[in-house]
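Data block below; observations after.
What follows draws every value from the coordinates through simple rules; no lab data is involved. Predicted, not measured: the structure shown is a model, and the values here were computed from it. As a convention, Cβ positions derive from the backbone with ideal geometry for all residues, glycine included, and neighbour counts pool all protein chains shown.
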Amino acid sequence: MELNMNREAKVISKNVDVFYGNKQALFDINLEIFKNEVTALIGPSGCGKSTFLRCINRMNDVIDICKISGEIEIDGFNIYKQGVDVVRLREKVGMVFQKPNPFPKSIYDNIAYGPNIHGIAQNKQELDEIVENSLKKAALWNEVKDRLNEPGTGLSGGQQQRLCIARAISINPEIILMDEPCSALDPIATAKIEELIDSLKSSYTIVIVTHSMAQAARVSQRTGFFHLGKLIEMDETDKIFKNPNNKMTQDYITGRFG
Amino acid sequence: MNKELRRKKRYQAEKRFQVYGIIAISLAIFFVGILVTKIFSDGTSAFSRTMIKTEIKLDADLLGITDINNKDEVENADYYTLIYDEFTKSIPFSNDEEEKQIITLLSPDYEYEAKDFFLKNKDQLGKTVTILLTASDDFDQLHKGNFPRDIPEDRRRLSNFQLQIYDQLVKENKVTKVFNNYLFTKGDSRDPELAGFGGAIIGSFFTILICLIISFPIALMAAVYLEEFAPKNRITELIEININNLAAVPSIVYGLFALGILLNVLELPRSTALVGGIALSLMTLPRIIIPARASLKAVPPSIREGALAVGASKVQAVFHHVVPLAMPGTLSGTIIGLAQALGETAPLLLIGMVAFVVEIPGSPLDPSSSLPVQVYLWSESAERGFVEKTSATIMMLLGFLIVMNSLAVYARQKFEKKWN
């Protein structure tokens, strides 16, 4: 596997603790996510990997009882500093969810929504271009170009998920977070998404949470293993899967627990 | 064997249960059937009106018209004398008492009917024409077969002489029934044959309109705030419980509130659709908030997350995505709430919409009646003519309710299915 030698840390997490009410969900997470790479977060259910992912674009803010301490820096800037505009943060950090969640609108409107609210396109023509490019990047254009006005919810599961990826990249983010994007999809659709992730990494920094270790091994350059709210080990994917430092990581990837 | 027996018993229990269900439903249908049959058998005759055909000479002298083009003269001509003279002339009588009995066979509005006729047929001045005049209530009921002829004369509202005239007129083919447009176009009247629920329909329309204008936006905003933005704490919990309780408060309490605050303190005009609408909107508020919140809650959280993740603000996520998706349920809740308000009587009685209103209200600030109150008013009147009008009004009210409820069902099914 070729590695980018002059790596640049895009996201740095420093001493991140997360509490849901009185229950602590994450313990002192320190890690780095490098630019234009795919970073996979793995671990058994409830280990906190999704919680951490949602910290990167502050989606946890939606949950009233969720409290976060520590710092997450994106390009050296702490996103948990007071006065940070989450709207601008999420413009920069897109997200794709576990279950495809297209808006119950047309395919076109699904993509156009983000650019519209951010005022990215100056006119209809530019908007059309953004929609087309986003769908092309998400490898969906050829399948839907003749029915852009049909509801996005009418697509198949895999197509819906690619639509959601297109929606995420429509506002040209720098980071894309993916929360188990293939868990609701069949193997063929999964293969397409993985292919897509691989092609997207040249333009975006991607963080993917996955249950499938095979998927982590296939798509990612670096992998972090979470267990019971702690980051057990984070290293090059090759190393994690072939020769992990930690015994627990070894046990998990060989299927002894989880 | 024991097992066999138990299985048999189980099947029997199942059969029994089904029989109970069928009996219950049959009973329900039976009672509804009786109700509807009663209303229809009483009410259908209200949709026709008995008219007496009379030949009259449009005598210029009698009318007091010297110049047909003089608007003032035509307007103020003596139509009363014209009809009085010509109608009593058409039937032979022997004394003043009988003359009086003849003219009371006509509805007291005959002069206006004659005027309307003449204004449309000015060129017939001086000629003899056939005109249809509305018969009096008693004559009307007699012709509709609701008048008991076989009781002694002194206990009847029509004398033997009048019955004779009726028989004679029928023989001469001078009594006909026409569609009762008065029922739809006129306001209340002391004379059943001239009374209509037109004023009540307009009054109900204004009342419901005011109710909608006030309650829908407030209820929607309250529901959106409580469901999407409000912090979950003691206070919001208390508010929530209170809203649920308010939905169960008897409507007369809202009427008392309207009477005490709107009429006595704020001194808004009494008996008007404005005050009625405000009182009803208080009642309707919780009945819209509750279904609106339910439909907001039913919108999957993934839609909110999807919007937030592309950088929509909370307000944008809610108003661009969640509220539109919750609209069908909210709208159907609103329509059902309004349908309930439409049938509400008690609060309107308290704020004086029970008044006798002849004029058709032109705005929500005019004194007006409403359909359910009209039912209440007419059901207290003794005349047979009002009995049929009561039932006709109920039919009208039921018709509106059925239309509104079907609309609610339609709104829900049509728009909710669209995307799934």
**OP:** For the protein assembly as shown, state the average projected area of the convex hull of the C-alpha atoms over all orientations, rounded to one decimal in nm².
**Re:** 51.7 nm²
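For A:Asp61 and A:Asp146, what does the FRET efficiency come to when R0 = 45 Å and r is the distance between their Cβ atoms, rounded to the nearest 0.05?
Numbers: r = 39 Å, r/R0 = 0.87.
The computed FRET efficiency comes out at 0.70.
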Original post:
Tilt of helix B:79-90 relative to the longest C-alpha principal axis of chain B, in degrees (0 to 90, nearest 10)?
Top reply: 60 degrees
Original post:
Taking θ as phi - 60°, what are the ³J(HN,Hα) couplings along region B:237-254 by the Karplus curve (6.51, -1.76, 1.60), each to the nearest whole Hz, with x for Gly and Pro?
Top reply: 4, 4, 4, 4, 4, 5, 4, 4, 5, 4, 5, 9, 6, x, 5, 5, 5, 5
Original post:
Which value, in debye to the nearest 20, describes the size of the charge dipole of chain A about its Cα centre when Lys and Arg Cβ atoms bear +1, Asp and Glu Cβ atoms bear -1, and nothing else is charged?
Top reply: 400 debye
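Using a simple charge model, +1 on the beta-carbon of Lys and Arg, -1 on the beta-carbon of Asp and Glu, nothing else, what dipole does chain B show about its Cα centre, in debye to the nearest 20?
It comes to approximately 3920 debye.
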Original post:
Can you list the HN-Hα couplings for region B:320-334, worked out from phi with the Karplus curve (6.51, -1.76, 1.60; θ = phi - 60°), rounded to whole Hz and with x for Gly and Pro?
Top reply: 7, 10, 6, 4, x, 5, 8, 4, x, x, 5, 5, 5, x, 5
Subject >> Inter-chain shielding of B:311-321 (mean C-beta neighbours from other protein chains, 10 Å cut-off) >> reply: 4
**OP:** Pull up all non-local amide H partners of B:Asn146: gap of 5 or more, or a different chain, and H-to-H distance under 5 Å with H placed in the peptide plane.
**Re:** none
Original post:
For region B:104-148, which trypsin sites (Lys or Arg not before Pro) are in a loop by DSSP, counting at most 14 other Cβ atoms within 10 Å?
Top reply: B:Lys127
Original post:
Which listed residue (B:Gly260, B:Phe206, B:Leu338) has the Cα farthest towards the positive end of the charge dipole for chain B, taking +1 on Lys and Arg C-beta and -1 on Asp and Glu C-beta about the Cα centre?
Top reply: B:Leu338
Original post:
Which is farthest toward the positive dipole end of the protein assembly as shown among A:Ala112, A:Asn245, B:Gly306, measuring Cα position about the Cα centre, with Cβ charges +1 (Lys, Arg) and -1 (Asp, Glu)?
Top reply: A:Asn245
**OP:** May I ask for the distance between the Cα centers of region B:12-79 and region B:344-361, given as a whole number of Å?
**Re:** 22 Å
Subject >> Dipole of region B:2-44 [Lys/Arg +1, Asp/Glu -1 at C-beta], most positive-end residue of B:Ser26, B:Thr44, B:Tyr11 >> reply: B:Tyr11
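Of all the stretches in chain A, which is the longest one without any exposed loop site, taking GluC sites (Glu not before Pro) in a DSSP loop (any state but H, G, I, E, B) with at most 12 other Cβ atoms within 10 Å? Please report the intermediate quantities before stating the final value.
Numbers: sites that count: A:Glu2, A:Glu8.
With GluC sites (Glu not before Pro) excluded where exposed in loops, chain A gives A:9-258 as its longest stretch.
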**OP:** At most 16 other Cβ atoms within 10 Å plus a DSSP loop assignment makes a site exposed; report the longest stretch of chain B without any exposed GluC sites (Glu not before Pro).
**Re:** B:1-171
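Dipole magnitude of region A:16-103 about its Cα centre, charges +1 at Lys/Arg Cβ and -1 at Asp/Glu Cβ only, in debye to the nearest 20? List each step's numbers first, then the result.
Details: 11 positive and 11 negative charges, 65 e Å.
Using only the charged Cβ atoms, the result is roughly 320 debye.
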Subject >> Karplus-derived HN-Hα couplings along region A:249-256 (A = 6.51, B = -1.76, C = 1.60, θ = phi - 60°), whole Hz, x at Gly and Pro >> reply: 4, 3, 4, 5, 6, 8, x, 7
**OP:** Quick one: which residues, 5 or more positions from A:Thr205 or on another chain, have an amide H under 5 Å from its amide H? H modelled 1.01 Å from N in the peptide plane, none for Pro or chain starts.
**Re:** A:Asn36, A:Ile175, A:Ile176
Original post:
Mind checking which aspartates and glutamates have their C-alpha under 15 Å from B:Lys232, skipping anything on the same chain fewer than 8 residues away?
Top reply: A:Asp61, A:Asp64, B:Glu240
Subject >> Contour minus Cα-Cα distance for B:Glu380 and B:Asn2 (0.36 nm per residue) >> reply: 129.5 nm
**OP:** Specify the inter-centroid distance of region A:14-39 and region B:183-250, based on alpha-carbon positions, in whole Å.
**Re:** 51 Å
Subject >> Where a label projected 7 Å from the Cα of B:Ala247 along Cα→Cβ would reach, residues of region B:198-227 with amide N under 13 Å >> reply: B:223
Original post:
Among all the aspartates and glutamates, which ones have a C-alpha under 17 Å from A:Lys145's C-alpha, if same-chain residues fewer than 8 places away are not counted?
Top reply: A:Asp109, A:Glu126, A:Asp128, A:Glu129, A:Glu132
Original post:
For the protein assembly as shown, what is the mean residue ellipticity at 222 nm derived from helices alone (per DSSP H run of n ≥ 4: -39500 (n - 2.57); sum divided by total residues; nearest 500 deg cm²/dmol)?
Top reply: -16000 deg cm²/dmol
Subject >> Distance violations [Cα-Cα > 29 Å] among A:Lys23/A:Lys99; A:Lys49/A:Lys239; A:Lys81/A:Lys242; A:Lys23/A:Lys242 >> reply: A:Lys81/A:Lys242; A:Lys23/A:Lys242
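Hey, got the average number of other protein chain Cβ atoms within 10 angstrom for residues in A:166-175?
1
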